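Visitor: Just passing along the structure, written as structure tokens.
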Amino acid sequence: MIRAGIVGGTGYTGVELLRILVLHPQVEVSVVTSRADAGLRVDQLYPSLRGYCDVKFTLPELDNLKDCDVVFFATPNGTAMLMAESLLALGIKVIDLSADFRIKDRQEWEKWYGMQHACPDLIAEAVYGLPEVNREQIKPARLIACPGCYPTAVQLGFLPLLEAGVIDGSQLIADVKSGVSGAGRKAEISSLMSETGESFKAYAVGGHRHLPEITQGLQNVAKQAVGLTFVPHLTPMIRGIHATLYARLNRKLDLQSLFEERYSEERFVDVLPNGIHVDTRNVRGSNRCQIAVNQPQGGDTVVILSVIDNLVKGASGQAVQNMNLVFGLDECQGLETVALYP
Ligand SMILES: NC(=O)C1=CN([C@@H]2O[C@H](COP(=O)(O)OP(=O)(O)OC[C@H]3O[C@@H](n4cnc5c(N)ncnc54)[C@H](OP(=O)(O)O)[C@@H]3O)[C@@H](O)[C@H]2O)C=CC1
Ligand SMILES: CC(=O)N[C@@H](CCC(=O)OP(=O)(O)O)C(=O)O
């Protein structure tokens, strides 16, 4: 059995990792940390886990994690970079759900995240954990940087078009909506129901920290510079990301076949038949990204719709997908669920 530790087990991605890992046939969750709830049984805080998890929250200290085979960081940005090196030195694999190791350009990361990187030596080694792009590099990796939720939905939508070189990469538009759980479980006025319910707004239009991450990923597949306008929005739902992506085609082609062929072997990317729209509830609770390909009025603008559950394919499900690859397991183990409907 793989002994897994979760640093930050009380947050939304932490408890989502627990939901997935307690049913994973090859994993034993041995350590779950929380500073605020240390000493409390996990199933006391989360009764949904009664009968599945009998460990107590402990403090996020090296001594408590030293017997793990893998440690997941479901913590705010700036936390994993303080512990990753010590864990790797003990032969423990590290899977980081935060942004600490996602961006290869250290200065760019420091600019967007507003802090100094505490562990720059590991940035080059970290593998960006988007299996649909980096599967072979993920398998032997010691340190995985899981993509952000917006970056997962946006990259999977643009990927086939950029790989095939059929769009003008200099004028991409990503108009993306997120549920409120994307902001995490910590108490904040902006996440209150009376602030988010029955309302809908764009935010960070001038620049969101996912912009450099998405641009880096798109440039790697396009093998040239791309220009992206990314506008995130907050919608009054709990889970889900809906990305509406626009690009200008530079030639005529069968777009539906392009997408179907690109993702034909991908178990967690589902290209819907022509004419069917995506809906966030059809991926809620599942590790799937569903994509719909559109070319309105047969013109030269392509409109891709891409949906994920931000807590599953956008975070914890993708982290487990990466763990499966790192430990040589079937990539789908523990992740075979159908979305909750309605
Ligand atoms: N929510 C989402 O949809 C997504 C989130 N992510 C990323 O995943 C990470 C976790 O997000 P989320 O679960 O939403 O966050 P939450 O705010 O819901 O949870 C954060 C967790 O980290 C713990 N924590 C906070 N500070 C520290 C610290 N300094 N050291 C150790 N533990 C700490 C908290 O417990 P305690 O304070 O008790 O220790 C808590 O368990 C973030 O980096 C986020 O950006 C990525 C993709 C999607
Ligand atoms: C709705 C909402 O607030 N979403 C978060 C992003 C989600 C996320 O967790 O992103 P990282 O993993 O990169 O931190 C935000 O815009 O800050």
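Visitor: Percent antiparallel among DSSP beta bridges with both residues in the chain, to the nearest 5?
Guide: Working: 23 of 54 bridges.
If we restrict to bridges inside the chain, about 45 percent are antiparallel.
Visitor: What's the FRET efficiency of residue 121 with residue 220 using the Cβ-Cβ distance as r and R₀ = 22 Å, to the nearest 0.05?
Guide: That gives a FRET efficiency of 0.55.
Visitor: From the Cα gyration tensor of region 133-249, with a ≥ b ≥ c the square roots of its eigenvalues, which class applies: rounded if a/c is under 1.5, or else prolate if a/b is larger than b/c, or else oblate?
Guide: Oblate, since a/c reaches 1.5 and b/c is not below a/b.
Visitor: Let me ask another. Work out how much length residue 192 to residue 330 would gain on full extension: take 0.36 nm times their residue separation and subtract the Cα-Cα distance, in nm to one decimal.
Guide: Answer, rounded to one decimal: 45.7 nm.
Visitor: I need 249, 40 ordered by Cβ neighbour count within 10 Å, fewest first.
Guide: 40, 249
Visitor: Next question. For region 195-259 and region 78-124, write down the distance between their C-alpha centroids in whole Å.
Guide: 24 Å
Visitor: Please identify the DSSP H helices in the chain that span no less than 15 Å along the helix axis (Cα) and have a mean Kyte-Doolittle hydropathy of -1.0 or more.
Guide: Taking the DSSP H segments of the chain (at least 15 Å long, mean hydropathy at least -1.0), we get 149-164, 210-222.
Visitor: Let a ≥ b ≥ c be the square roots of the eigenvalues of the Cα gyration tensor of region 200-242; is it rounded (a/c under 1.5), or, if not, prolate (a/b larger than b/c) or oblate? Could you put the intermediate results ahead of the total?
Guide: Values: a/c = 3.44, a/b = 2.05, b/c = 1.67.
The shape class here is prolate.
Visitor: Using a 10 angstrom cutoff on alpha carbons, build the Gaussian network for the chain and name the most mobile of 288, 102, 251.
Guide: Sorting by GNM fluctuation, first place goes to 251.
Visitor: Please list the non-local residues whose amide H lies under 5 Å from the amide H of residue 27, H modeled 1.01 Å from N, same-chain partners needing a gap of 5 or more.
Guide: Under 5 Å from the amide H of residue 27: 2.
Visitor: If you don't mind, another one. Non-local amide H neighbours of residue 77 (under 5 Å, H modeled in plane, Pro and chain starts lacking H): which ones?
Guide: Distant-sequence amide H within range of residue 77: 99.
Visitor: Now, a different point. Distance cut-off 18 Å, Cα to Cα: go down the list 93/139; 104/223; 186/313 and report the pairs above it. Don't skip to the end; give the middle numbers.
Guide: On the way: 93/139 11 Å; 104/223 16 Å; 186/313 21 Å.
In this structure, 186/313 exceed 18 Å between Cα atoms.
Visitor: Once the Cα atoms of region 2-125 are picked out, what are the Rg and Dmax in Å?
Guide: Cα-based Rg and Dmax for region 2-125 come out at 14.8, 46 Å.
Visitor: In percent, what relative contact order does region 149-310 have, based on Cα pairs under 8 Å that are 6 or more apart in sequence?
Guide: After rounding, I find 31 percent.
Visitor: Order of 198-211, 299-312, 170-183 by packing, highest average Cβ count within 10 Å first?
Guide: Result, highest mean Cβ count within 10 Å first: 299-312, 170-183, 198-211.
Visitor: Using mean Cβ contacts within 10 Å as the protection proxy, how do 315-325, 62-72 order, highest first?
Guide: On the way: 315-325: 27.2, 62-72: 19.0.
So the order, starting with the most tightly packed, is 315-325, 62-72.
Visitor: On alpha-carbon atoms, Rg over Rh for the chain using Kirkwood Rh? Spell out each step's value before the answer.
Guide: Numbers: Rg = 19.5 Å, Rh = 20.4 Å.
Over the Cα atoms of the chain, Rg/Rh equals 0.96.
Visitor: Also, I was wondering about something else. Under 8 Å for C-alpha pairs, at least 6 residues apart: give me the relative contact order for the chain, rounded to a whole percent.
Guide: 17 percent
Each reported figure results from applying straightforward, stated rules to the coordinates on display, with no laboratory input. Remember, it's a predicted structure, so these values are computed and weren't measured experimentally. A quick note on method: Cβ atoms are made from the backbone with ideal geometry, for glycine too, and the neighbour counts reach across all protein chains shown.
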